[in-house]
Amino acid sequence: MSKKTILIADNSLINRTYLSGILSDEYDCLEAVDGQKALDILRERGIDIAAMLLDLVMPVMDGYQVLEEMSKDPGLRQIPVVVVTAESETSVEARALDAGAMDFLTKPIEPEIARRRIKSVVNARELEELHIRNRLLEEMQYQADHDELTGIFSRSAFYRDTRAMLLANPDTDYILIRWDIEKFKLVNDLFGMKTGDQMLVAAAESLARHVSDLGTYGRFGSDNFLICVPAASLDVESFMDVIVNEIRSSFEDAGIAQSVVLATGVFRITDHDLAVGQMCDRAGMALQTVKGDYTRHVAYYDDKLGNRLLEDQDILDNMEAALANGEFEVNLQPVYSLSTGRPASAEALVRWRRPGKGLVSPGVFIPLFEENGFISKMDYNIWEQVCQIQHMRNEKGLTPIPISVNLSRKSVYDPNLVESIVGLLRRYEIEPRLFRNEVTESAYIDNATQLIKTVEDLQRYGFTVLMDDFGNGYSSFNTLKDIPVDILKIDMKFMEGFERGGRVGVILASVLRMTKWLGIPVIAEGVETLEQYEFLHSIGCDYTQGFYFARPMPYDEFEEHVAGLPKAAITSPARFHVDDVVAALGSGHLFDRVMDDILDAYAVYEFNASALETVRGSEGYFKLFGYDMDAFKRESSNVLHHIVHDDREYVVQACHEAIETGKPCNLAISCTVRGGEVCRLHLTLSCVGKSNDETALIFAAFHLIDNGCEGDLHASCPYASENVGKHVF
Ligand code: C2E
Ligand code: CA
Ligand code: CA
C-alpha cells in the first residue's frame, strides 16, 4: 500500500526536518515554508493530503489565517489539521480548535506523541469518509432497488433477487407471472396522471401484501408488474382475481367508474439457469396473447408460442419480397341475397401463396402487418387487384357485381385514403358503386372522430361503406347511432353462438329490427348451416356470407361459380319455427325496451283457425286490458272474447288477410278493457311467421282511439266497424 501524504507547514527548517524525520517512516512528507505555500499545496493536492501539521506563527500568512481560508473551502475543510504551538497555552489551543484544528502538539515535540496524534486524526477522517461513502452507497442501492413511484422492487432488483432465490432453491418449481392493467392509458387520459399513479401504487401495495412471504415481486415498468413464486404456492387464476378485486376497490374508492381487467402471462421455470430477463420476456409474450381479449385473461408460455415468434419473424423478413413477387392473392367470397338466392356482391380476402409453404391465411400475417405498418402497402396491392378484376369483368361484359375490400385501421386513419382509392378507380375505369369498403367496428373504439370522417369522405365520392364485425366491440350501438354506414355486417361470433331458441337468436332479431327501422341492410357473416340460414331468413335478414353457400375462392373459380348457378338456386321458403320467433320477439330485453319506446301496447298471438292465444304482451298491453299476471294466465287462451261480439269476426278476417298478403292489416274495433269498460282501439295486425299446421304468429299493436265512447260507439268514433279489413292508413 502506498504511503499517505502529510503536509508540514512551518517556517523553521529545523522544525520541518525534525518533524519529517519523525514521520517519514510512515508518511510521505511535503513541506511548506509559510501559510500561503501551505494553502497552495493543499489546493493543488486536495484530499490527497491525509493531514497537515500547522505551525501557528509563520511569516506571510500565519496558521490562523490558513485555518480560516480552509474553512471557507469545502474541498479543504475535511483535511484534518494538527496545530503546533510553542508552549502549552490553553487560550491558544482553544482558539486553534475553534478555528477548525482537530488537535494540537506542543513544542518540544515528543516523537511518539506526534506519531499518535497524526495517526488518530488520519484514522478519524478515514472513518468519517467511510461512513459517508456507505450512506451514499446505501441510498444509491435503495434507489436502484426500488421503483420510485410505487416503492416496490425495481426491475433490476427483481432480476437480482429472483436469480438468488432460484439459485438457493434448485429443487423447487417456480413460475414467473407478468401482468398489466388493460387500457390503463385510458385511466391516465380520462382521470389524469395523478390518479393513474395512485392506481399503480394501489396495485403495487396489493402485490407486496400478498407476495412478500412467497417469493419475489417488482414493477417491470409503467403498468407492468412481476411476480416469481414457487409454482405450488398459488393458483394463478384465483390469485389474479384477488389482485384485480383489490385494484377495483381502489378505483371505486377513488370514485373512478372504469372497469379493471388484468392481462396475465405466466412462464413456468423449468431451467433455473435461464436469465431472469428472458423469463420475463417469455411471460410477456404469453401476456400479449391475451391482451385485449375479453374472454381470456391468463395465458401460459409454451414452446409453441416461442416457435410462433420465430415464424412471425420469418414473415416479417419475407413480406417485402412477397409483395414484389405478387405472392399476395385475392380470393373472393360471394355474399348471397336471400330473396333472389344469387350472389349480390363479394368480399375480397387476401391469401399469401408462399413458395414451399402453401397458402397462408390472413389471420397469421395481418396482425403483424398492422403492427409494423406494412398493412398499408399490402392493402393497396389488394385494392389494385380488385380494380383489375372489375376492369376485366367490365371488358368481358359480365354482369357487374360489387366487391368489397377490407380497410385496415391504419388505412382508416390515412388522410390520403380516399385519394388513393379514387386514383385507382380512375386508372381502371371502375364505378365507385362497384368498389365497396369494409371498416371495422374496432376502429370506432380507437378513434371515433377519424372513422366518421373517413366514412363520410368515402360516401361523398359515391362509395358504399360497410361496417364489418358489427357486435364484436363493446360500443356497437353507439357505432350504429354515430356512423352513417350503408350496410352492416354482423360478426360471425353470433353465428357460432347460435342455437335454436337461444339468446343469440333474440339479439340477432333485435338487431335486425333496429336496422330495418334505420333502413340499413344487413349481411350475416359466418353462416355455416341450413339451420342458421333458415333462422336468418325467418327473421328477415337480407344477405348472408358463409361456408354454407360458398367459401372464399380464387377469381377464376368465382367466375365459374357465379356463372354456374341456376337462377334462384337457394330460395326455399323459410320454414317457420315457433320457438325461434317467440324467442326472437318475446324475451329479448333489448327488443322489449326498443319496442316499448315505439309502441305502447303490443302483443304476439298464436292464431289457429278462430282462436287467438296470447304468447306475449307488453307492459302497456297488460295495462290497457287491466291484466295482472293471474288474469293473463286465465284469459290468455282466447282473447277474442274481449272484443265486442260484432267485431270478433272482423278480427279473424283481418288475421287471415295479414297471413295471406304478408302485409300489415289495420282496423278499428271495440273492446272490453279494464274490467268492463268498452273502448275503441286501432289495431295493426301483421303475420310474423307461419307453420305448416295452419298456425301463424300474429304481431298486434294497439292504439287507443277514444276511451269514453260507451253507448253510441259508431257515432262518436272516427273508425267504424265497417272499416275492418280495409287499410285505413
Ligand atoms: P373478415 O373481414 O371478418 O372476413 C371474413 C372471414 O371469415 C374470412 O376469413 C372468411 O374466410 C371467413 N369466413 C367466411 N365465411 C365463413 C364461415 O361460414 N365460417 C367461418 N368460420 N369463417 C368464415 P379470412 O379470409 O381468414 O380473413 C380473416 C380476416 O383477415 C378478415 O376478417 C379481415 O379482417 C382480415 N383480412 C382479410 N383480407 C384482408 C385484406 O385484404 N386486408 C385487410 N386489411 N384485412 C384483411
Ligand atoms: Ca371483412
Ligand atoms: Ca367480418
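The values are calculated or read from the model by the stated rules, or taken from the named source; none is laboratory data. Computed from a predicted structure; not experimentally measured. For neighbour counting, all protein chains shown are included, and Cβ atoms are generated from backbone atoms with ideal geometry for every residue, glycine included.
The table below gives the values:
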| item | result |
| --- | --- |
| Residue that is touching a strand residue (DSSP E or B) at 6+ places or on another chain (Cβ under 9 Å), of a type outside the set (Ser, Thr, Tyr), within 15 Å of ligand 3 (Cβ to nearest atom) and closer than 17 Å to Ser339 by Cα, where the choices are Val465, Val522, Val485 | Val522 |
| Residue count, region 211-220 (criterion: part of a strand (DSSP E or B) and farther than 17 Å from Arg282 by Cα) | 1 |
| Filter result (of a type in the set (Ser, Thr, Tyr) and away from ligand 2 (no atom under 14 Å from the Cβ)) within region 337-367 | Ser337, Ser339, Thr340 |
| Residue among Val290, Val266 that alone is modelled with pLDDT under 95, closer than 12 Å to Trp179 by Cβ and buried (at least 20 other Cβ atoms within 10 Å of the Cβ) | Val290 |
| Residue match in region 437-457 (condition: within 15 Å of ligand 2 (Cβ to nearest atom), modelled with pLDDT of 95 or more and buried (at least 21 other Cβ atoms within 10 Å of the Cβ)) | yes |
| Some residue of region 401-416 being part of a helix (DSSP H, G or I), more than 13 Å from ligand 1 (Cβ to nearest atom), more than 23 Å from Gly526 (Cβ to Cβ) and in contact with a helix residue (DSSP H, G or I) (Cβ under 8 Å, 6 or more places away or on another chain) | no |
| Candidates Ile401, Ile389 - the one that is out of contact with any Pro (no Cβ under 7 Å at 6 or more places or on another chain) and either touching a residue at least 24 places away in the same chain (Cβ under 8 Å) or away from ligand 3 (no atom under 16 Å from the Cβ) (or both) | Ile389 |
| Residue check for Gly540: of a type in the set (Gly, Ala, Ser) and either without any contact (Cβ under 8 Å) to a residue 12 or more places away in the chain or more than 16 Å from ligand 2 (Cβ to nearest atom) (or both) | yes |
| The listed residue being among the acidic types (Asp, Glu), assigned by TED's automatic domain parsing to the domain that holds Ser404, under 15 Å from Met553 (Cα atoms) and within 16 Å of ligand 3 (Cβ to nearest atom), out of Glu329, Glu347 | Glu347 |
| Residue within region 420-429 that is touching a His at 6+ places or on another chain (Cβ under 8 Å), away from ligand 3 (no atom under 16 Å from the Cβ) and not charged (D, E, K, R) present | yes |
| Residues of region 177-199 satisfying the condition of being within 22 Å of Met285 (Cα to Cα) and of a type outside the set (Val, Ile, Thr) | Arg178, Trp179, Asp180, Glu182, Lys183, Phe184, Lys185 |
| Some residue of region 491-503 being of a type in the set (A, V, I, L, M, F, W, C) and surrounded by fewer than 18 Cβ atoms within 10 Å (Cβ to Cβ) | no |
| Residues (outside any helix (DSSP H, G or I), of a type outside the set (D, E, K, R) and either within 16 Å of ligand 3 (Cβ to nearest atom) or surrounded by fewer than 20 Cβ atoms within 10 Å (Cβ to Cβ) (or both)) located in region 525-547 | Gly526, Val527, Thr529, Gly540, Cys541, Tyr543, Thr544, Gln545, Gly546, Phe547 |
| Residue in region 176-187 that is out of contact with any Phe, Trp or Tyr (no Cβ under 6 Å at 6 or more places or on another chain), over 20 Å from Val290 (Cβ atoms) and surrounded by 14 or more Cβ atoms within 10 Å (Cβ to Cβ) present | no |
| Condition met for Ser476 (modelled with pLDDT of 95 or more and either closer than 26 Å to Pro367 by Cα or within 16 Å of ligand 2 (Cβ to nearest atom) (or both)) | no |
| Some residue of region 119-136 being surrounded by 12 or more Cβ atoms within 10 Å (Cβ to Cβ), touching a helix residue (DSSP H, G or I) at 6+ places or on another chain (Cβ under 6 Å) and not polar (S, T, N, Q) | no |
| Identity of the residue in region 488-519, acidic (Asp, Glu) and within 15 Å of ligand 3 (Cβ to nearest atom), that ends up nearest to Ser337 (Cα to Cα) | Asp491 |
| Some residue of region 337-345 being surrounded by fewer than 16 Cβ atoms within 10 Å (Cβ to Cβ) and outside any strand (DSSP E or B) | yes |
| Some residue of region 376-388 being away from ligand 1 (no atom under 13 Å from the Cβ) and either among the charged types (D, E, K, R) or farther than 24 Å from Ala550 by Cβ (or both) | no |
| Tally of residues being loosely packed, with under 15 Cβ neighbours inside 10 Å and at pLDDT 95 or above across region 362-379 | 1 |
| Within region 598-708, helices (runs of 4 or more DSSP H) holding 2 or more residues that are over 51 Å from the mean Cα position of the chain (by Cα) and modelled with pLDDT of 85 or more | 645-661 |
| Matching option when the condition is more than 28 Å from Val290 (Cβ to Cβ), among the aliphatic types (A, V, I, L, M) and assigned to a helix (DSSP H, G or I), among Ala208, Ala202, Ala157, Ala144 | Ala144 |
| Pair list, Cβ under 6 Å, 6 or more apart: region 353-380 residue more than 13 Å from Leu323 (Cβ to Cβ), other residue within 16 Å of ligand 3 (Cβ to nearest atom) and among the polar types (S, T, N, Q) | Glu370/Ser408 |
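This table checks each residue for (1) closer than 25 Å to Leu488 by Cβ; (2) of a type in the set (Asp, Glu).
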residue: Gln388; (1), (2): no, no
residue: Gly397; (1), (2): no, no
residue: Ser404; (1), (2): yes, no
residue: Ser411; (1), (2): yes, no
residue: Asp414; (1), (2): yes, yes
residue: Tyr428; (1), (2): no, no
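Each row is one residue, and each column tells you yes or no for (1) within 53 Å of the chain's Cα centre (by Cα); (2) at pLDDT 90 or above.
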| site | (1), (2) |
| --- | --- |
| Ala101 | no, yes |
| Pro108 | no, no |
| Ile118 | no, yes |
| Arg125 | no, no |
| Glu128 | no, no |
| Asn134 | yes, no |
| Leu137 | yes, no |
| Tyr142 | yes, no |
| Glu148 | yes, no |
